[in-house]
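Novice: One structure coming up, written as structure tokens, with questions to follow.
Here, each number is a calculation from the coordinates, and none is a lab measurement. Not measured: the values here are computed from a predicted model. Neighbour counts run over all protein chains shown; Cβ positions are idealised from the backbone, glycine included.
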Amino acid sequence: MAKKRKGIVKPQIEETKRIPRPVVNQSTIHEYPTISFQHLCDKNGQLHELTKRDLKHLSNFLRRVSVMTWSQIRLSDGIKTKKIPITSLRYTLPNSVSEEEEILEMRVSQEHRLWGFQNQSTFYVIWFDPNHSVCPV
């Protein structure tokens, strides 16, 4: 008489929840900016070169943009954010900044400009420009 074969029983695997995929290109237009001085140039446009009046303009500007979203900043007539080609700059970028970054100029006041680049919701300041020295007008 032949032995009965026992069937192979597959183990029961508890169904788990899927881990959601990260959103890779999530837009930051509705986020508030973070300002970073991590890539501030150590040769030109430094903060220690600013006068008391320049610092007042800068602090007022930072206070103003801190309550705006990136969308509001980009659409603001007062700030007039512009993309500037690297070839138009008088100063060379700090070594810590890739030449592939999109360099932005932001109007702080009638004569003052803030230069840097945006990565996600952070704006990395490179230069503070009270005299339009970074790029010819």
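Novice: Give me the distance in nm between label points sitting 7 Å out from Cα along the Cα-to-Cβ direction at residue 101 and residue 68, one decimal.
Specialist: 2.0 nm
Novice: So, one more: May I ask you to list the residues of the stretch 112-137 whose amide nitrogen lies under 16 Å from a point 7 Å from Cα along the Cα→beta-carbon direction of residue 87?
Specialist: Counting backbone N atoms under 16 Å from the label point, the list is 136.
Novice: For the stretch 24-110, state which chymotrypsin sites (Phe, Trp or Tyr not before Pro) are in a DSSP loop and have at most 16 other beta carbons lying within 10 Å of their beta carbon.
Specialist: Of the chymotrypsin sites (Phe, Trp or Tyr not before Pro), the ones in loops of the stretch 24-110 whose Cβ has at most 16 other Cβ atoms within 10 Å are 37, 91.
Novice: Stretch residue 42-residue 55 to full length: gain in nm at 0.36 nm per residue minus the Cα-Cα span?
Specialist: Details: separation 13, 0.36 × 13 = 4.68 nm, distance 1.76 nm.
Here the segment from residue 42 to residue 55 would lengthen by 2.9 nm.
Novice: Once you treat every alpha carbon in the stretch 34-129 as an equal point and sum by Debye, what is log10 I(q)/I(0) at q = 0.11, 0.15, 0.16 Å⁻¹?
Specialist: -0.29, -0.55, -0.63
Novice: Enumerate by residue number the GluC sites (Glu not before Pro) in the stretch 32-134 meeting two conditions: DSSP loop (anything except H, G, I, E, B), and at most 14 other Cβ atoms within 10 Å of the site's Cβ.
Specialist: 99, 100, 102, 111
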